[in-house]
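Colleague: The structure is given below, and queries will be raised subsequently.
A short reminder: the numbers here are calculations on the coordinates, not readings from a lab. Keep in mind the model is a prediction, meaning the values are calculated, not measured. A quick note on method: Cβ atoms are made from the backbone with ideal geometry, for glycine too, and the neighbour counts reach across all protein chains shown.
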Amino acid sequence: MASEDTRTAITLLDDTTRPKAPKIEGVTPVQRRIGRRLALIHAHHLEQMHHVRWVMEQVEAGEQNAAKLLDAISSMQMTANYRLFGNLCGRECQMLTLHHTIEDQHMFPALRQASGTLKEVVDRLSQEHVIIHQLLETLEAAAITAITKPGGEIFSELKTVFLALERFVRSHFGYEQEELEEALGYYDIPL
């Protein structure tokens, strides 16, 4: 990732620069539970990232080879989602359950239409999706390099990219869940 992209990613992770959603009065417990479904979806993606981390740690300890790590990264739902969304690898669509694609193409426009006060938050989340997309591309390229040119320095770069992705995704998910929980249920935005 280029240094300007890195600065953009760091700025986007800064909670002090993230817009806040306005408090919505009158949100019912049922509406709040609907909004919490997003956290369940995110938990699934985080579980997959945990699996990739585990494989990476096994490779680092010499217990697995780098090909296993590429396979784990390439099979991650999140990577598949972005691959399909951006047609990164020109592969046939596998499934139409694309998390960020659904957000960018359905959930975010519906939130913008339902509440003009959420525009800044939704725009910020969309910007963060772009950085995640770039990190996923960089991660997959680093994994391919680790297979074709194995070595400690190459693997270290792969690990650095993965840890940056993991940090960014966790921060993004937390921000998104916190800012959209009330609005998703209140405005009846299907997940």
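Colleague: Can you work out the PRE-style zone for Glu63? Point 7 Å along Cα to Cβ, and I want the residues of segment 31-53 with backbone N under 14 Å.
Modeller: Within reach of a label on Glu63, which here means backbone N under 14 Å from a point 7 Å along Cα→Cβ, segment 31-53 contributes 51-53.
Colleague: Give me Ser74, Ser126 sorted ascending by neighbouring Cβ count inside 10 Å, so fewest comes first.
Modeller: Ranked by crowding around the Cβ, least crowded first: Ser126, Ser74.
Colleague: For Gln177 and Glu47 in one chain, what is 0.36 nm times their gap in residues minus the Cα-Cα distance, to one decimal in nm?
Modeller: 45.1 nm
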